[in-house]
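Peer 1: Here you go, one structure.
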Amino acid sequence: MEDIEQFFQDSHYNIIRILLNISGLWPFQTRSRRYAIYLTMMLVLGSGFIFQMLGTIEVRHNSFEMIDTVPLLFFAVVTISKTFSIIYTLPKIKILLIKMREHYLSPKSIEEVKIQNLHAQYGRKLGFSYTGFLLGHSVLYQLLTLLVRLFHTLKSKEGDEVSNTAQIGLPHRVNYMVDLDKYYVPIFIHSAICDFSYTFLLVVYDVLYLTAVEFCCGLFAALRYRLETALIFKNDRLTTTKDKCYANIVYSIRRHTETMQFVAVVESIYSLPLFIHVGLTVLILSVLGYQIINNTENISGLVKPVAYLNGLLINIFFENWQGQKIIDSSEKVFESAYNAEWYNMPIAARKLLIMMMMKSEKPLMLRMGKIVVLSYITFNTVLRTASSYFMLLRSL
């Protein structure tokens, strides 16, 4: 355990160790520490979700108010479902992290190490950027709600009539069963902490996802390099040997098999929660579009749905983008095998290469619910479907 902790701390994958440790989802933590973090999350997020549900129940007879509460309620449902999923799949995440360490430390050429490091560095930068963007976006969202509260407070002091002041300036509709105006500050702080925690847990899940995907892309890139140089190795000068060529093809097949197994583990972890996420995202996007159209003349009512829509689009694009990267990287393996100097290889190596080409002809994919493929096409489908539901809401 200390070895793997030290490895991730010293490597480019340290960001996932930090995020998983903070959220209690690092599989190498002690049970006591993990359960203490779980208990804290249950008290904070559980209470926040209950008060949010009570707020939704309170307006159940008002269809317009219900529509306003749906997006953030679904956001909470998505985050909670993802959290339970990652807790349930901790053993698989442990296997994933162990495989990353084993491959990183396994013997390979200097060029392959460089390729893997380049992808690890890119994943690290992307992880920090994504974390900063979403967490910063969450903080900005809370500040915007405070500005809305301040705006309405100034209007009320000027004598303008303001309706439904109790819920104004809160991140989402709640019912704490107390006077919201009197206890606005503690209620806002609790609601803001809950919303920020939801975003943080979403970031943890997605950064682990992008790190695993980028690791896979590094494996594919190193594999392609080995295939393209199967006949060549460095000694005093460039030479070719039949034995070296055969060994390279055998090594490539083994690496390709390991990569396919790694992708299978990633899919088993993310398949169900991403399916739930994308399904609910279609509904959320349609409702947000409806809110924005209805509040075009009300700036204070436009701020929150626009801010939420922006973050949601980035999030759903990001998840499909990672799936597309797996497709593109695995497709290039076939191209590299085809472009290798197979005509100069011994018969035994050619036969192995043909087997590998047959296996890599169909690209690997990450599927949601074992049905929908994560890709640019799926992202486009989500937007088109959400637009259809939005038009339906407009007509009703």
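The values are calculated or read from the model by the stated rules, or taken from the named source; none is laboratory data. Because the structure is predicted, anything quoted here is derived from the model rather than measured. All accessible areas refer to the heavy atoms of the entire protein, side chains included, with ligands and DNA or RNA removed. Shrake-Rupley method; radii C 1.70, N 1.55, O 1.52, S 1.80 Å.
Peer 1: Would you kindly calculate the translational diffusion coefficient of segment 25-183, applying Stokes-Einstein with the Kirkwood radius from alpha carbon pairs, for 10 °C and a viscosity of 1.306 mPa s, and quote it in µm² s⁻¹ without decimals?
Peer 2: Diffusion coefficient, whole number: 79 µm²/s.
Peer 1: Calculate one ³J(HN,Hα) per residue across segment 81-86 by plugging θ = phi - 60° into the Karplus curve 6.51 cos²θ - 1.76 cosθ + 1.60, and present them in order as whole Hz with x for glycine and proline.
Peer 2: 5, 5, 5, 4, 5, 5
Peer 1: Kindly write out, for segment 211-227 in residue order, the coupling ³J(HN,Hα) from the Karplus curve 6.51 cos²θ - 1.76 cosθ + 1.60 (θ = phi - 60°), rounded to whole Hz, with x marking Gly and Pro.
Peer 2: Result, rounded to whole Hz: 5, 5, 5, 5, 4, 4, 4, x, 5, 5, 5, 5, 5, 5, 4, 5, 5.
Peer 1: Once fully extended, how much extra length lies between ASP243 and PHE128, figured as 0.36 nm per residue of separation less the alpha-carbon to alpha-carbon distance?
Peer 2: Length gained between ASP243 and PHE128: 37.0 nm.
Peer 1: I would also like to ask the following. What is the Cα centroid distance between segment 36-54 and segment 275-352, reported in whole angstrom?
Peer 2: Each part's Cα centre sits 31 Å from the other's.
Peer 1: Okay, moving on. Would you mind classifying segment 79-148 by shape? Square roots of the alpha carbon gyration tensor eigenvalues, ordered a ≥ b ≥ c; an a/c under 1.5 is rounded, otherwise it is prolate if a/b is larger than b/c and oblate if not.
Peer 2: Note, shape of segment 79-148 comes out oblate.
Peer 1: Can you give the helix-only mean residue ellipticity at 222 nm for the chain, where every DSSP H stretch with n ≥ 4 adds -39500 (n - 2.57) and the sum goes over all residues, rounded to the nearest 500 deg cm²/dmol?
Peer 2: Estimated from H runs of four or more residues: -28000 deg cm²/dmol.
Peer 1: Hey, what's the chain come to in accessible area per residue, 1.4 Å probe, Å²?
Peer 2: 50 Å²
Peer 1: While we're on this one: Using each residue's phi in segment 52-59, evaluate 6.51 cos²θ - 1.76 cosθ + 1.60 at θ = phi - 60° and report the 3J(HN,Hα) Karplus result to the nearest Hz, with x for Gly and Pro.
Peer 2: 5, 5, 4, x, 5, 4, 4, 10
Peer 1: Carbon and sulfur: what percent of the chain's accessible surface (1.4 Å probe)?
Peer 2: Its accessible area is 63 percent carbon and sulfur atoms.
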